[in-house]
Amino acid sequence: MQALTVKVPWSFAIAHGPKRVENRSWPPPRSLRELAIHAGARSGWDDAGEFSPLVIDAWRDYVATLPADNAALPWPRRESLHLDFSAVVAVAEITASHAGLSMRWPCQGGELCSEWAVPGQYHWQLGNVRTLATPVPCSGNRKLWTLPDEVESAVRAQLARRA
Ligand SMILES: [Zn+2]
């Protein structure tokens, strides 16, 4: 299974929020359908994500679903106990992709296809996002990479239990 490492908290917004566009400077291979979403390391925390109103909204909605405790912070922070790092957190399908505004092919009708889409990037459309109840620990990598066999087995076992 191919995997993409996504910096936290953007990975959170895919696994536990409504983010269904992944922004990359390169298009996905045509043959790519199934994609493991891997949450990056704590050291790779993305400040822009921390201050994204979209991520903060997703965070508030998510925290509201958790059992009440004193550890839930009002917005996602690197030190939060409720974020997953260095683990496969979801499996998605790439349903489509296109280059965003200001490149050769515009988004639909010349407007951004999603509030999560970044102009000038390739927009990888994610569908059928299946969040893993138990994220599978694994170190990440750049570009597309292949899950180690034992990690893929653990991921597929969880997908099978969901089905
Ligand atoms: Zn788009």
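Can you list residues from other chains, or at least 5 along the same chain, whose modelled amide H is less than 5 Å from the amide H of CYS138?
It is ALA87, VAL88, by chain and number.
Quick one: pull the percent of accessible area on region 60-163 belonging to carbon and sulfur, 1.4 Å probe, ligands and nucleic acids left out.
Values: 3130 of 6220 Å².
Roughly 50 percent, rounded to a whole number.
Using modelled amide H (1.01 Å from N, peptide plane; none on Pro or chain starts), what sits under 5 Å from the amide H of LEU132, excluding residues fewer than 5 places away?
Answer set, sorted by chain and number: ALA90, VAL91.
Could you work out the Rg to Rh ratio of region 49-130, with Rh taken as the Kirkwood radius (inverse of the mean 1/r over all Cα pairs)? Write down the numbers at each step before the final one.
On the way: Rg = 15.9 Å, Rh = 15.1 Å.
Radius of gyration relative to Kirkwood radius: 1.06.
Kindly write out, for region 139-151 in residue order, the coupling ³J(HN,Hα) from the Karplus curve 6.51 cos²θ - 1.76 cosθ + 1.60 (θ = phi - 60°), rounded to whole Hz, with x marking Gly and Pro.
Running phi through 6.51 cos²θ - 1.76 cosθ + 1.60 with θ = phi - 60° gives 7, x, 7, 8, 6, 7, 9, 9, 5, x, 3, 5, 6 Hz.
Gaussian network model of the chain, Cα springs within a sub-10 Å range: biggest mean-square fluctuation belongs to which of PHE85, PHE12, PHE51?
Of PHE85, PHE12, PHE51, the most mobile in the Gaussian network model is PHE51.
Would you calculate the separation in nanometres between label points at LEU144 and TRP75, each defined as 7 Å from the Cα along the Cα-to-beta-carbon direction?
Placing both labels 7 Å along Cα→Cβ, they lie 3.5 nm apart.
Enumerate the whole-percent occupancy of each 5 Å bin, from 0 to the last occupied one, for all C-alpha pair distances of region 108-163.
4, 13, 18, 18, 15, 13, 11, 6, 1
Kindly point out, ordered by number, any Cys in the chain whose beta-carbon has no other cysteine beta-carbon under 4.7 Å away.
CYS138, each lacking another Cys Cβ under 4.7 Å.
Note the full-extension length gain between ASN128 and SER102 as 0.36 nm times their separation in residues minus their Cα-Cα distance, in nm to one decimal. Don't skip to the answer; put the middle values down first.
On the way: separation 26, 0.36 × 26 = 9.36 nm, distance 2.84 nm.
Using 0.36 nm per residue and subtracting the Cα-Cα distance, I get 6.5 nm.
Taking 2.2 N^0.38 Å as the expected size of a compact globular protein, what ratio does the Cα radius of gyration of region 1-64 give against it, to two decimals?
Details: Rg = 12.4 Å, N = 64, 2.2 N^0.38 = 10.7 Å.
In units of the globular-protein estimate, region 1-64 measures up at 1.16.
For LEU147, what is the net charge nearby, where nearby means another residue's Cβ is under 11 Å from its Cβ and Lys, Arg count +1, Asp, Glu -1? Could the numbers behind the result be given before it?
Numbers: positive: ARG156; negative: GLU34, ASP149, GLU150, GLU152.
It works out to a net charge of -3.
At 1.4 Å probe size, with every protein chain present, just tell me what the per residue accessible area of the chain comes to in Å². Numbers along the way, then the final one.
Details: 8620 Å² over 163 residues.
Per residue, the chain has 53 Å² of solvent-accessible surface.
Pairwise over distinct Cα atoms, reciprocal of the mean inverse distance: report the Kirkwood radius of the chain in Å, one decimal place.
Details: mean 1/r = 0.0616 Å⁻¹.
The Cα-based Kirkwood calculation yields 16.2 Å.
Would you check the accessible area of CYS138, probe 1.4 Å, heavy atoms only, in square angstrom rounded to 10?
In the full protein context, CYS138 sits at about 20 Å².
Output wanted: per-residue J couplings in Hz (rounded whole) for region 58-69, from phi through Karplus 6.51 cos²θ - 1.76 cosθ + 1.60, θ = phi - 60°, x for Gly and Pro.
Using θ = phi - 60°, the values come out as 4, 4, 5, 5, 5, 4, 5, 8, 8, x, 4, 8 Hz.
Note down the accessible area of TYR122, probe 1.4 Å, to the nearest 10 Å².
50
In whole Å, how far is the Cα centre of region 45-119 from that of region 146-163?
A separation of 23 Å, based on Cα centres.
Convert each backbone phi in region 24-38 into a coupling constant with the Karplus relation 6.51 cos²θ - 1.76 cosθ + 1.60 (shift: θ = phi - 60°), then list the ³J(HN,Hα) values in order as whole Hz, x for Gly and Pro.
Per-residue couplings from phi come out as 9, 7, 9, x, x, x, 4, 7, 6, 10, 7, 9, 7, 9, 9 Hz.
Using Cα springs under 10 Å in a Gaussian network model of the chain, which residue among GLU115, GLU22, GLU34 shows the largest mean-square fluctuation?
Between GLU115, GLU22, GLU34, it is GLU115 that shows the largest mean-square fluctuation.
The values are calculated or read from the model by the stated rules, or taken from the named source; none is laboratory data. All values reported here derive from a predicted model rather than from experimental measurement. Every residue, glycine as well, gets a Cβ built from its backbone with ideal geometry; the counts of neighbours run over all protein chains shown. These accessible areas exclude ligands, DNA and RNA; they are computed on the full protein's heavy atoms, side chains included. Shrake-Rupley method; radii C 1.70, N 1.55, O 1.52, S 1.80 Å.
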